[in-house]
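Worksheet: the structure to be examined is printed underneath.
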Amino acid sequence: MSMLPPSLLRRRSLLPDESLPSLLMRLAKANHYDPPSIVIGLALAQKGEKEYYTDISRSLSPPILERLIALTKIDLLALYSSTYHRFAPTITPPDIAIGYLELTNNIAMPLFTGKIAQSQLRPEFAVQFCPKCLRSLAYHRLIWVPVAVSACLEHKCLLINRCPQCGKAVKIRDIIEAYCSSCKASLIETESPQVNDDKFGLFSQQVIQSWFLRDGISHSALFSVPEQPVNALYRFIDGLRMALMQVKSDWSYLHRLSMEMQPTSSMVKMKAQTLTPYQSYCLYATAMKSIVNWPESFYDFLDAYRMQPTKGKQINHSVGYDLGNLYYNWLEGYWQNPIFTFVQEAFNHYFVKQYSLKHEVIKSGRYRTNRELVKRFSYITVMEATDLLHTSPEMIKFLVQIGRLTKYESLDVHKYLRLDRSEVLALQAKWLDSINLDEAAALMGVSIKVIPGMVRIGLLVAEQSPPEGFHYWRINKSSVTGLMKMLDERCYEMGKNRPLVMNLTNASRWSVTKSGLDSAHLLLQATKGLIRIYYEKDQPIQIRNLLFDRSDIEESLTKFYAENGWVDRKEAIKLLGIDHLTLTQWVNSGLLTMHNYYRNCHVFDRNKIEEFLANHVRSKAAAEILGVRKSDVNLLAHGGFLKAVSGPSIDGNSCHIFSREALFQWKNDWLTYKEAAKLLGIKERMLFDFAKRGLIVTLRPGYGAKPSGETRTWYSRQSVLGLQENV
């Protein structure tokens, strides 16, 4: 542990509101230390006489305090109170933890952490001062350190931050000496602008300085400030100050003094520590306008901020466009901490009143996450509708398409889908009156497995269903009672002459094996009167108790196939003239399409089969089209010259099947020897001679390297036409 330094020979007491660096500078002067920073070096346990400006408050720690006590013989708490760390509870943002300095006797005092102090406080080498205060006693006041402080409340004047003669920054040592170290100009004689008549500006400074000093000064009765935590109020107006630095200096809402001040440059790229006292005074007074007479003054501020002619923009654009970084950085960022609830509630009221739901509002986190805020709007987004109806966005769009919800568009170029909240809530109530599958099944006396099929063919109405994108089924109760009433009207009591009947389960099993008609379709046929249904006496009329006439089912199945234009597998084989294996291969290769109507019930479209037969021929018919023998056609198919869709080498079919289109294309490209000779107008022998001499392109299928007979050779139509001009 390092030894403590001896106390200074000449000691001084802390003056009212004196800063620690000021005290050390006065002690250095009294003890003839030159440069004065040597005293700071003693406190920091550093050696050397180099002139430097170390922020001793930033380096504050228990060991340094012990050395300061040894040097100055001043009380520990008094020394701490002379540092800017006493401002930490006011300046530190609510979302950042305040540090603490552990002192003796279990005392912990607030401490700045990170770089917060650097952005909110003026450095020791560029301070501000009140000349009139220096005239009474030349020392540096701690209250002059915050950037937000810009006026002396005692003398009602602005502070000065530069030498009035050379314009250079003023150091704390200059304050102690009362003259500029650069040009030796007197700081005491400097004239500072008076603000006696600026009641609101002085009020703003009174409030801000009371926040720093925590002295509980009562504010003017003319203006009221919200009863909120001090650090929240300061963070709020400081955020507004940062936003105000981006506006043009001629903005009419900016607070100004009646006196003429030297024009200042743009504040857009300035750092807070470089603001002049006049700039700081005007910025914080302007920000203070927003919290007096809360929240109406905040609304006035927002109106004025929106109307500033920064971008030549019009009113009633999106909130992000109108408010810029004030909205994105502060309202949607730094002011989201719960301590700013009063700000968020006030802005939400303004948000609803001033803005319709445009694209930027719809996608904003404020709209998406604040349910109570969203309820204030007459029109809602698709996502909110999905939450209310417990469905998907696709289903909402589907409900719009079918007219169950009315379509509205956002009032901007994007034209996003909007919905009437009252319509959505009405649909929600309607869906609440529907019943689930178990309830519907119990009411009808049927298995829940049958109900989806009944909905699919229109026997029942589903308010919600998984095929439409819902997570579960909800059946319209009126459609259930309506179906049961219709079945009751068409039901006959079983008499003595009993027909051959089956219950629904057995009837559906039998009909499914025949044609795929399941329970739902049998019930549909019954409601149409195509199948007679019966019930036993003294049995309640529920679907499980219904009996179906078998003969009616058989007749209905025949009509059902005819109405849909279907044929079964057996009939398809008969029409096509092929076997079961070939049909299966044609289906697998995509040559024919088979419909799986229900489970293992496979049907074919009769029209498609007839279309296939019209567009395809066997080898014999193909030979007639080409004008050759059947064996010649088979040779072309085996050699791969003429493509067949079916045949022995393709799918095991006993004969080749050709597309008419392929045959006519072949006939267009190739000629028989008789056709070629006729086209050239020569004898066949001369044609054979031309072929041997290579004057005509020929094709001899099926013989490999051994030349085929001339009569089975094919001649290229194109080469024949080319030779025709020279013959």
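The values are calculated or read from the model by the stated rules, or taken from the named source; none is laboratory data. Worth saying up front: this structure is predicted, and the values here are computed from it rather than measured. Cβ sites come from the backbone with ideal geometry, for glycine too, and all protein chains shown count toward neighbours.
A few notes on this one:
- For the residues Lys559, Lys574, the requirement of being under 30 Å from Pro499 (Cα atoms) and without any contact (Cβ under 8 Å) to a residue 40 or more places away in the chain singles out Lys559.
- Residues (touching a Leu at 6+ places or on another chain (Cβ under 8 Å) and in contact (Cβ under 8 Å) with a residue 40 or more places away in the chain) located in region 631-650: Asp632, Leu636, Phe641, Val645, Ser646
- So Tyr492, is it out of contact with any Leu (no Cβ under 6 Å at 6 or more places or on another chain), of a type in the set (Phe, Trp, Tyr) and under 30 Å from Glu394 (Cβ atoms): no
- Of all residues in region 652-673, those satisfying the criterion of being assigned to a helix (DSSP H, G or I), in contact (Cβ under 8 Å) with a residue 40 or more places away in the chain and either out of contact with any His (no Cβ under 8 Å at 6 or more places or on another chain) or of a type in the set (Phe, Trp, Tyr) (or both) are Glu661, Leu663, Trp666, Lys667, Asn668, Asp669, Tyr673.
- Conditions (1) without any contact (Cβ under 8 Å) to a residue 60 or more places away in the chain; (2) outside any loop (DSSP other than H, G, I, E, B): number failed by Met395: (1)
- The residue pairs whose first member lies in region 363-390 and is within 16 Å of Tyr328 (Cα to Cα), whose second member is modelled with pLDDT of 80 or more and in a loop (DSSP other than H, G, I, E, B), and whose beta carbons are closer than 7 Å, counting only pairs six or more residues apart or on different chains, are Gly365/Glu332; Arg366/Glu332.
- Residue match in region 134-155 (condition: hydroxyl-bearing (Ser, Thr, Tyr), in contact with a helix residue (DSSP H, G or I) (Cβ under 7 Å, 6 or more places away or on another chain), assigned to a loop (DSSP other than H, G, I, E, B) and under 19 Å from Ser82 (Cβ atoms)): yes
- Tyr408 being of a type outside the set (A, V, I, L, M, F, W, C), in contact with a Leu (Cβ under 7 Å, 6 or more places away or on another chain) and either farther than 20 Å from Leu302 by Cβ or in contact (Cβ under 8 Å) with a residue 40 or more places away in the chain (or both): yes
- Members of region 14-40 found to be in a loop (DSSP other than H, G, I, E, B), in contact (Cβ under 8 Å) with a residue 60 or more places away in the chain and either in contact with a helix residue (DSSP H, G or I) (Cβ under 7 Å, 6 or more places away or on another chain) or closer than 21 Å to Ser61 by Cα (or both), listed by number: Leu14, Asp17, Ser19, Pro36
- Residue within region 407-422 that is more than 26 Å from His349 (Cβ to Cβ), at pLDDT 85 or above, out of contact with any Ser or Thr (no Cβ under 6 Å at 6 or more places or on another chain) and not in a loop (DSSP other than H, G, I, E, B) present: no
- Just one of the numbered conditions (1) at pLDDT 95 or above; (2) closer than 30 Å to Tyr334 by Cα is not true of Ile160: (2).
- Meets criteria (at pLDDT 85 or above, part of a loop (DSSP other than H, G, I, E, B) and over 20 Å from Ile578 (Cβ atoms)) for Phe641: yes
- Of everything in region 82-103 that is of a type in the set (A, V, I, L, M, F, W, C) and closer than 24 Å to Ser22 by Cα, the residue that is surrounded by the fewest Cβ atoms within 10 Å (Cβ to Cβ) is Leu103.
- Against the test of being small (Gly, Ala, Ser), more than 14 Å from Glu493 (Cα to Cα) and touching a Ser or Thr at 6+ places or on another chain (Cβ under 8 Å), the options Ser556, Ser551, Ser519 yield a single qualifying residue, Ser519.
- Residue within region 494-504 that is surrounded by 20 or more Cβ atoms within 10 Å (Cβ to Cβ), in contact with a helix residue (DSSP H, G or I) (Cβ under 6 Å, 6 or more places away or on another chain) and within 23 Å of Ile448 (Cβ to Cβ) present: yes
Residues checked against (1) surrounded by 13 or more Cβ atoms within 10 Å (Cβ to Cβ); (2) modelled with pLDDT of 85 or more:
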| position | (1), (2) |
| --- | --- |
| Leu671 | yes, yes |
| Glu675 | yes, yes |
| Arg685 | no, yes |
| Arg700 | yes, no |
| Trp714 | yes, yes |
| Glu725 | no, no |
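- All told, Thr584 meets the bar of being polar (S, T, N, Q), without any contact (Cβ under 8 Å) to a residue 12 or more places away in the chain and not assigned by TED's automatic domain parsing to the domain that holds Gly458.
- For Arg58, the requirement of being part of a loop (DSSP other than H, G, I, E, B) and within 45 Å of the chain's Cα centre (by Cα) is met.
- Every residue from region 145-186 that is in contact with a strand residue (DSSP E or B) (Cβ under 8 Å, 6 or more places away or on another chain), of a type in the set (A, V, I, L, M, F, W, C) and in contact (Cβ under 8 Å) with a residue 60 or more places away in the chain: Val145, Val147, Ala151, Leu158, Leu159, Ile160, Ile172, Ile175
- Given (1) within 30 Å of Ile543 (Cα to Cα); (2) at pLDDT 85 or above; (3) out of contact with any His (no Cβ under 7 Å at 6 or more places or on another chain), index of the condition Asp433 fails: (2)
- Within region 69-80, considering residues that are free of Cβ contacts under 8 Å to residues at least 40 places away in the same chain and part of a helix (DSSP H, G or I), the one surrounded by the fewest Cβ atoms within 10 Å (Cβ to Cβ): Leu77
- Residue match in region 563-579 (condition: more than 30 Å from Glu611 (Cα to Cα) and surrounded by 19 or more Cβ atoms within 10 Å (Cβ to Cβ)): no
- Of note, Ser649 satisfies the criterion of being assigned to a loop (DSSP other than H, G, I, E, B), within 60 Å of the chain's Cα centre (by Cα) and either within 16 Å of Trp586 (Cβ to Cβ) or outside the structural domain of Arg700 (by TED's automatic domain parsing) (or both).
- Residue check for Arg618: crowded, with 16+ Cβ neighbours inside 10 Å, closer than 17 Å to Trp586 by Cα and not β-branched (Val, Ile, Thr): yes
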